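First up is the structure itself, then whatever we jot down about it.
The values are calculated or read from the model by the stated rules, or taken from the named source; none is laboratory data. These figures come from a predicted structure and were not determined experimentally. Glycine also receives a Cβ, built like all others from the backbone with ideal geometry; neighbour counts cover every protein chain displayed.
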C-alpha cells in the first residue's frame, strides 16, 4: 500500500521516502481534496502501524483472519490508486 501511495504521489511530482510523510501528503493531496474517501487514509495508516509493529516486535501475533482482512484492504487500496492513476 505504501508503494501504491508513493505512485500516486509521484503522479503529483513528489518522491517522499518516509512512510509517515507519504501518508500525510497522501491525505493532503487526495483525501482533503475529495479524490478519495477518508477510509483510504485510515487504511494506509493502519498498514503503517502494522508494518512497524512487525518490524520492531517480532513476537507480535497476527491471526489468519487479520492477515486475510489486511490483504483485502490492500487490494481495495491498490485498486483505488490504479483508478486514480488511470483517470
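A few comments on the model shown:
- Selection within segment 56-65 - assigned to a helix (DSSP H, G or I) and over 21 Å from residue 18 (Cβ atoms): 64, 65
- Matching option when the condition is at pLDDT below 90, within 9 Å of the chain's Cα centre (by Cα) and assigned to a helix (DSSP H, G or I), among 42, 53, 48: 48
- Of the residues in segment 51-63, at least one is under 16 Å from residue 5 (Cα atoms) and touching a helix residue (DSSP H, G or I) at 6+ places or on another chain (Cβ under 9 Å).
- For segment 1-39, the set of residues classified as assigned to a helix (DSSP H, G or I), surrounded by 16 or more Cβ atoms within 10 Å (Cβ to Cβ) and either in contact with a strand residue (DSSP E or B) (Cβ under 6 Å, 6 or more places away or on another chain) or without any contact (Cβ under 8 Å) to a residue 24 or more places away in the chain (or both) consists of 6, 9, 22, 25, 26, 27, 29, 31, listed by residue number.
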